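These notes concern the structure reproduced below.
The values are calculated or read from the model by the stated rules, or taken from the named source; none is laboratory data. From a predicted model like this one, the values you see are computed outputs, not experimental measurements. Cβ atoms come from the backbone with ideal geometry, glycine included; neighbour counts cover every protein chain shown.
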Amino acid sequence: MSASQIRLLSLIRREVNRFMKIKRQTIGGPLLETFLYISVFGAALGSRIHQVHGFKYIVFVIPGLIMMAWAMNAFANNSSSILQQKFSRSIDDQLSSPASPLQLLMGFSLGGFIRGFIVAMLTLAVSMVLVSLPIREPLVLIPAMILVGLFFAQAGVLIGVRAEQFDDVALYQTFMLQPLIFLGGVFYSASLLPEPFRTMTRFNPVYYMISLVRYGFLGYKDTSVLFSFAMLLIFTGLITAVNYRIFVQGKYLRT
Amino acid sequence: MSAKPPALEITDLVKRYPNGMEALKSVSLEIAEGEFFGLLGPNGAGKSTMIHCTTGLARPTSGSVKIFGHDAVNHYREAREAVALAPQEINLDMFLTLEETLDLHGGYFGMSKADRKERTAELLDAFSLTSKRDERTRTLSGGMKRRLTLARALMHRPRLLILDEPTAGVDIELRLELWQYIEKINREGTTVMLTTHYLEEAERMCDRIAFINHGEIAAHGTIEELSARYGVNSLEDAYLELVGRQELSRSHVTAEPV
């Protein structure tokens, strides 16, 4: 293994090590939260709503919950890990190492991506036991989930790097991320919305994410798959480019 | 054959913060390989900024910093491999054990697994931390944290070691232990740059000293050269001349009759 590969792996290892040391909080908590959603929106509410686009309500909702688990965990992990390291200045150990800006960005990003993946996979496994959840389009589902994870991992890095206090992270999470996710169609089909809300949803990146993920699981779509992929790629590319620029310039990290 | 480059070569270094504050005003300094160099100055003089520009934690506004001939900005990889900082503030990662702290640091510097394992054991032993290897850093006493900070800096075998007030707040025993180890690695060839407020430490350890004040190098040389420059008899008095507090000099204090 080359020195460069060891460097990158060590950066990722640090991030994984952190969330695994507090796994009750970082894995257990989000899992419980997802199952509460499944219970409330799927089992309780679902008994009143019989079918959505030909699917049981719980089956219609679960793809969104799996996606939300990956997204929220990727974001929360990276934003809080970076901010905590900035506070303690332990981040100086990585910043004064020979790691390149790209390696640093990947190291800080992939920790949350992996945590999101673990929570999402555990949610998927249990969901498949609880309900009959099909995976109709795996070739759409896998890249879509990866892009969703990457997008929110990058969003977490961006907020963590810019934040100066824990309030800043909570602010973005509560007032930006959660509304985007909830209004993107995780718990309902956007096509059921009246105007102008239906059109407004089209400006929400989460709408394209949930559309792709739902199509991957159920084979149901309410927008073009290609267009959704294009939008997701553009959003993920843009946020990654912004982060890369920050790491190259050292802004917010190096004085 | 070309001459060996200095361990640290700082040329016209300027650091201006976004608020307009100029922390370093065209600083130039050279430290030869193998030297034990002291950087002294009052709080806010620019010592930490200079150190941060050297280790990549701050971005110079202009000028250059070269470590063993490698530019700290354009060839940061080679430059950072050659330098290490044991900072004034303890900045250990509270999620890690002692062993993980050293192992990950070695990993950031591209050291192989076998090398990391061997070096970690060696440093834990050298700093009497082996029995604590599996404990998290947050459980350590202040002195142990200080030792681990130094061990971490030494993990990748730097050729230039920067010690930013390494003995601030540590007990006498640990202070002597640290100095013994640092003197040993200096004898073995590691260049050391030290900032300290304990002038007797600088007097005892350093080959040469630079005074920095208001972001400028006010004077540099051996203790004798600095004393001669300020027309005084000790490093302490030379320092007091630098900061304009001559009235504090012990040579001015006369014993009052009891």
*Look at A:SER100 and say whether it is at pLDDT 95 or above, closer than 21 Å to A:ILE239 by Cβ and more than 23 Å from the chain's Cα centre (by Cα).*
yes
_Scan segment B:161-169 and tell me whether some residue there is facing chain A (nearest Cβ under 10 Å), touching a His at 6+ places or on another chain (Cβ under 7 Å) and touching a residue at least 40 places away in the same chain (Cβ under 8 Å)._
no
*Which numbered condition trips up B:LYS25, out of (1) more than 10 Å from every other protein chain (Cβ to nearest Cβ); (2) at pLDDT 95 or above?*
(2)
*Can you tell me which residue among A:LEU105, A:LEU95 is touching a residue at least 12 places away in the same chain (Cβ under 8 Å), farther than 19 Å from A:VAL213 by Cβ and more than 13 Å from every other protein chain (Cβ to nearest Cβ)?*
A:LEU105
_One residue is enough: does segment B:52-64 have a residue meeting the conditions aliphatic (A, V, I, L, M) and more than 10 Å from chain A (Cβ to nearest Cβ)?_
no
_Number of positions in segment A:105-148 that are of a type in the set (D, E, K, R) and over 20 Å from A:ALA76 (Cα atoms)_ = 2
*asked:* Going residue by residue through segment B:130-140, is there one that turns out to be under 23 Å from A:ILE6 (Cα atoms), out of contact with any Pro (no Cβ under 8 Å at 6 or more places or on another chain) and among the aliphatic types (A, V, I, L, M)?
replied: no
*Determine, yes or no, whether B:LEU104 is facing another protein chain (nearest Cβ under 8 Å) and crowded, with 21+ Cβ neighbours inside 10 Å.*
yes
_Long-range neighbours under 8 Å by Cβ, at least six apart or interchain, first residue at positive phi within segment B:207-219, second of a type outside the set (Val, Ile, Thr) and assigned to a strand (DSSP E or B)_ = B:HIS214/B:LYS25; B:GLY215/B:LYS15; B:GLY215/B:GLU22; B:GLY215/B:ALA23; B:GLY215/B:LEU24; B:GLY215/B:LYS25
*asked:* Restricting to segment A:116-171, name every residue that is buried (at least 23 other Cβ atoms within 10 Å of the Cβ) and among the acidic types (Asp, Glu).
replied: none
*Tell me which residues, restricted to segment A:83-92, are free of Cβ contacts under 8 Å to residues at least 40 places away in the same chain, at the interface with chain B (Cβ under 9 Å from one of its Cβ atoms) and in a helix (DSSP H, G or I).*
A:GLN84, A:GLN85, A:SER88, A:ASP92
*asked:* Taking the condition of being modelled with pLDDT under 95 and surrounded by fewer than 19 Cβ atoms within 10 Å (Cβ to Cβ), how many residues in segment B:145-164 meet it?
replied: 1
*Kindly state which helices (runs of 4 or more DSSP H) lie completely within segment A:178-255 and contain at least 2 residues that are surrounded by 16 or more Cβ atoms within 10 Å (Cβ to Cβ).*
A:178-183, A:205-218, A:225-249
_For A:LEU65: the one exception among (1) part of a helix (DSSP H, G or I); (2) at the interface with chain B (Cβ under 10 Å from one of its Cβ atoms)_ = (2)
*Can you give me the ranges of the helices (runs of 4 or more DSSP H) entirely in segment B:120-235 with at least 1 residues that are under 28 Å from A:SER10 (Cβ atoms)?*
B:142-154, B:172-187
*Subset of segment B:99-119 [farther than 20 Å from A:SER90 by Cβ, free of Cβ contacts under 8 Å to residues at least 12 places away in the same chain and in a helix (DSSP H, G or I)]*: B:LYS113, B:ALA114, B:ASP115, B:GLU118
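Could you tell me which residue of segment A:7-50 is farthest from A:LEU122 (Cα to Cα), considering only residues that are of a type in the set (Ser, Thr, Tyr) and part of a helix (DSSP H, G or I)?
Ranking the candidates gives A:SER10 first.
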*Kindly provide the set of residues from segment A:230-255 that are aromatic (Phe, Trp, Tyr) and within 16 Å of the chain's Cα centre (by Cα), ordered by number.*
A:PHE235
*Tally the residues that are modelled with pLDDT under 95 and under 20 Å from A:ARG18 (Cα atoms), restricting the search to segment B:107-133.*
2
*asked:* Just the residues that are closer than 16 Å to B:ALA84 by Cα and among the polar types (S, T, N, Q), please, taken from segment B:153-193.
replied: B:ASN186, B:THR190, B:THR191
_segment A:225-255, subset free of Cβ contacts under 8 Å to residues at least 40 places away in the same chain and among the aliphatic types (A, V, I, L, M), residue nearest to the other protein chains (Cβ to nearest Cβ)_ = A:ALA241
*Which members of segment A:17-56 meet the condition of being among the charged types (D, E, K, R), surrounded by 14 or more Cβ atoms within 10 Å (Cβ to Cβ) and over 15 Å from A:GLY116 (Cβ atoms)?*
A:LYS21, A:LYS56
